[in-house]
Amino acid sequence: MSEKKKTLVIGIDTRDLQIAATGTKTFLESLCTEFKKEHAGFQFYFFTSQMPAYTGKNSFLKIIEHLRYFIWKQVSLPVKARIKKCDIVFCSDFFVPYLHFGFSTIPTFHDAFFWEYPEHYNKYWLWIFKKLGVAAAKKSHSIITPTQYTREKIAFYSKIDKSKIIPVYEAAKSFPLTENIHTPPENPILKEIFKMPYILHVGTFEKRKNIPRLIKAFKLLQDEGYEDIRLLLVGQFSKKKTLDDSLLIEKLISENNLQKKVIMSGYLSDIDLQLCYQHALMYVFPSLNEGFGIPVLEAFQQQTPVLVANNSCLLEVSGNAALSFNPLDEVEMANKMKLLITNADQRKELITKGLIRNEAFSWEKTAAAILAVFEKAVK
């Protein structure tokens, strides 16, 4: 008679949902949705702090919030996991408990930016990451990362055994609408934008996103006579001054008299974001570095032709379903945008390839791959 399979008790750290935005929020929300479904042999507990995280600008309160974060990670979370007799504690960010009270830990390293852009981070936070975050990750059974590219980078910088770093692809956001492109947007800014052709970018205004060069390439298009085209930037300025590129973005818009041509919408509801993809002439992703790039798949899903920078993981994710360009060359970027503006057949071809490519990604597949990592961790 075969031995009954043990139910694995998994603790999921969901406190990050209080502060996460863009891709990291999509990642954790989507996984929680999947883990709340029936999975034979698994029992899940979703842990969070009852005290809301502070997200304001007061320097003193921000320091207090950092202290509370580390108390949560190194005291509260492991105690909760011990009480529930967890086998695994999974965190969707870089930090896991250093001490293990009868459980294994699995963090998620979405990128290698801490090592690649040290000048963009507070020196004390960076020191804590390298001394505590990396040390705790080395004690973990496995580390989840979103692409092969990111796996190679993390292994190189951290010196962690590559066999412990498991690439698990992410997926597009689950949008609320089906194909109802005629739904009126909630944001009044979009009502006028949807009446004209526009190029779309989605993401925070961080320096690595390379938005200033996108604006310069857009200006080249305007100078060549494509004055009816608009550029829609969906996202907000970064809260971290060392990462934020808003001053340069605003300066370029002003110097080139593009105030009525470059539209900044801020963050949007899921419905409005979905409509932005559906109405867009194309989606352009000029980023200098990405860990995954969820907006690429969102554009595929919503049948938007895609242009991506030819670097980091973006070609790994997009496959043959996007046109690529050198993100340091505004002329090449402008020429690729012009190609899609003038070539309807090329747009249709990319839309078809994008839909096919997007079929390779789903949050169900992501969750299944992570569950397999959990099972391996307790054997």
Candidate set from the range 230-245 (those that are more than 20 Å from Ile19 (Cβ to Cβ) and open to solvent by 10 Å² or more (accessible area, probe 1.4 Å)); member that is modelled with the lowest pLDDT: Asp245
Filter result for Leu214 (in contact with a strand residue (DSSP E or B) (Cβ under 7 Å, 6 or more places away or on another chain), of a type in the set (A, V, I, L, M) and in a strand (DSSP E or B)): no
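Okay, residues lined up against (1) within 16 Å of the chain's Cα centre (by Cα); (2) part of a loop (DSSP other than H, G, I, E, B):
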position: Val9; (1), (2): no, no
position: Asp16; (1), (2): yes, no
position: Thr24; (1), (2): yes, no
position: Phe27; (1), (2): yes, no
position: Ser30; (1), (2): yes, no
position: Glu34; (1), (2): no, no
position: His39; (1), (2): no, yes
position: Tyr45; (1), (2): no, no
position: Met51; (1), (2): no, yes
Any hit, the range 106-122, residues being small (Gly, Ala, Ser), assigned to a loop (DSSP other than H, G, I, E, B) and touching a strand residue (DSSP E or B) at 6+ places or on another chain (Cβ under 6 Å): no
Contacts under 8 angstrom Cβ, first residue in the range 259-272 being small (Gly, Ala, Ser), partner open to solvent by 20 Å² or more (accessible area, probe 1.4 Å) and not in a loop (DSSP other than H, G, I, E, B), 6 or more apart: Ser265/Ile189
Scope the range 193-223; condition open to solvent by 60 Å² or more (accessible area, probe 1.4 Å) and at pLDDT below 95; matching residues: Lys195, Lys207
Qualifying residue in the range 9-21 (condition: open to solvent by less than 10 Å² (accessible area, probe 1.4 Å), of a type in the set (A, V, I, L, M) and modelled with pLDDT of 95 or more): yes
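The values are calculated or read from the model by the stated rules, or taken from the named source; none is laboratory data. Only a predicted model underlies this, so the values are computations on that prediction, with no experimental measurement involved. Counting neighbours? That spans all protein chains shown, and the Cβs are built from the backbone with ideal geometry, glycine included. Accessible surface is based on the protein model in full, side chains and every heavy atom, while ligands, DNA and RNA are left aside. Shrake-Rupley method; radii C 1.70, N 1.55, O 1.52, S 1.80 Å.
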